[in-house]
1. Consider only pairs whose beta carbons are under 7 Å apart and that are at least six residues apart or on different chains; among these, list those whose first residue lies in the range 106-127 and is hydrophobic (A, V, I, L, M, F, W, C) and whose second residue is open to solvent by less than 40 Å² (accessible area, probe 1.4 Å) and outside any strand (DSSP E or B).
2. Could you list, in sequence order, all residues of the range 148-160 that are touching a residue at least 40 places away in the same chain (Cβ under 8 Å) and under 18 Å from F59 (Cβ atoms)?
3. Of the conditions (1) surrounded by fewer than 18 Cβ atoms within 10 Å (Cβ to Cβ); (2) out of contact with any Lys or Arg (no Cβ under 8 Å at 6 or more places or on another chain), S83 satisfies every one except a single condition; which number is it?
4. Residues being surrounded by fewer than 13 Cβ atoms within 10 Å (Cβ to Cβ), modelled with pLDDT of 65 or more and either touching a Leu at 6+ places or on another chain (Cβ under 7 Å) or in a loop (DSSP other than H, G, I, E, B) (or both): count how many of those fall in the range 238-269.
5. Could you please find all residues in the range 57-77 being farther than 18 Å from V169 by Cα, in contact with a Leu (Cβ under 9 Å, 6 or more places away or on another chain) and not polar (S, T, N, Q)?
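The values are calculated or read from the model by the stated rules, or taken from the named source; none is laboratory data. Quick caveat, the model's predicted, so the values are computed rather than measured. Counting neighbours? That spans all protein chains shown, and the Cβs are built from the backbone with ideal geometry, glycine included. We work out accessible area using only protein heavy atoms, side chains counted, and drop any ligands, DNA or RNA first. Shrake-Rupley method; radii C 1.70, N 1.55, O 1.52, S 1.80 Å.
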Amino acid sequence: MMPVPAFRMRQFYRKLLLLVLVAGSPPSVNSQDQAAVEARPNDTSLQPARADATTERIFAELIRRNELRNAELRSYSEMRSYSVSDQKGKVHAETIVRLDYRAPDSKSFVPISEKGSAVVRHLVLNRLMESEIDAASGKSHRDSTINPANYTFNLLGEQDLGDHRCFVVQATPTRKDKYLFDGKVWIDAQDYAVVQIVGHPAKKLSVWVDKADFVRRYQKIGNFWLPLKDETSVHVRLYGSKILTIDHQSYTINEVRSAQARQAGENAE
């Protein structure tokens, strides 16, 4: 399954566990994850939702639009950079790759450059890419999709996120599951696509992990919504914090299946 609309919590959980392996020296007492804070809109700008908006309608339309976008996008490429840093901004390791995706379940990574700690690159960055390939091919079967089966939703209102007018929804997991998250989802009010997710795991990962947060942002490329940036921060007792950043850039849409072609294929079946 394509990763365009759905945030898979199992991938985030893998990030956290790998970051725990490389957590470094403790930061100062007052340090904060500034990157995550800056990504969040100001709650004072939240406005009441339009009268006809309900979570049922929003997510029904979100699922419908996602299915259409998934069916149309057959192939794309992107340049992606992975980096692990501390809260002072020091980068411990970085890998740049080209990702090639072909529907429905093929992903490949072409290395471009790498620098920094070989241990971090091997334990964290390479394993992340391997797990993403497995997830795309269906080897990971745990369902962590943002849908009513896994979450209850509460419509908080509407908010401008950059150039996008968004519905803001509180997502509360239906069960204490480390593969689910507790947080907020911003959904574009025109395209019904996920623009941003901010949250933390629904279940405490370990007695050693004091804090675990993530921010994922999306961007519109042509008619499709694809990841823009992922920031995952974990704080481990006695060892401090590490931040994993994944930047998605230079997208190229290689192949699109038109609505007419899709309909013809369905009729032929």
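1. So the pair list comes out as F109/M129; V120/V22; L123/L18; L123/V22; V124/L18; V124/L19; V124/V22.
2. Residues of the range 148-160 that are touching a residue at least 40 places away in the same chain (Cβ under 8 Å), as a first pass: 148, 153-160.
If the condition is that a residue be touching a residue at least 40 places away in the same chain (Cβ under 8 Å) and under 18 Å from F59 (Cβ atoms), then P148, F153, N154, L155, L156, G157, E158, Q159 are the ones that fit.
3. Failed condition: (1).
4. 1
5. L73, Y76
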